[in-house]
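In what follows, a single structure is set out as structure tokens and then discussed.
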Amino acid sequence: MEKLKQILENHKNWLKDNTEGVRADLRSANLSSAYLSSADLDFSCWPLWCGSLDVTLDTKQKRQLLYHVLAVAPEYRTPELIEEANKFHRVGEVPELII
């Protein structure tokens, strides 16, 4: 567990300024028993395979995913979905969605 903490701390430093720290490579890591309830998954990649269908997301994560889907697929935009997607925590850094 200490090794993982160190990897994540190094990665956090790398994200701030990639001349410091080390980018994390967790491709072969087994995180099946990891408790990631309050993990910051910004800048992570959502896997598009059936195994990602059985996850629990908080409201922040749902809004972020919804924003990205509606940004690339405007044909799915409805006033209700846009209203929810525009509550995405990074709106302001990215433009609000419109119909």
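The values are calculated or read from the model by the stated rules, or taken from the named source; none is laboratory data. Nothing here was measured: the structure is a model prediction, and the numbers come from that model. Glycine gets a Cβ as well: all are built from the backbone with ideal geometry, and neighbour counts include every protein chain shown.
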From the list Ala29, Ala85, pick out the single residue that is surrounded by 10 or more Cβ atoms within 10 Å (Cβ to Cβ), of a type in the set (Gly, Ala, Ser) and in contact with a helix residue (DSSP H, G or I) (Cβ under 7 Å, 6 or more places away or on another chain). Ala85
Please count how many residues of the stretch 6-61 are under 22 Å from Val94 (Cα atoms) and among the aromatic types (Phe, Trp, Tyr). 2
Unique match (being loosely packed, with under 11 Cβ neighbours inside 10 Å, among the hydroxyl-bearing types (Ser, Thr, Tyr) and modelled with pLDDT of 85 or more) among Thr19, Thr59: Thr59
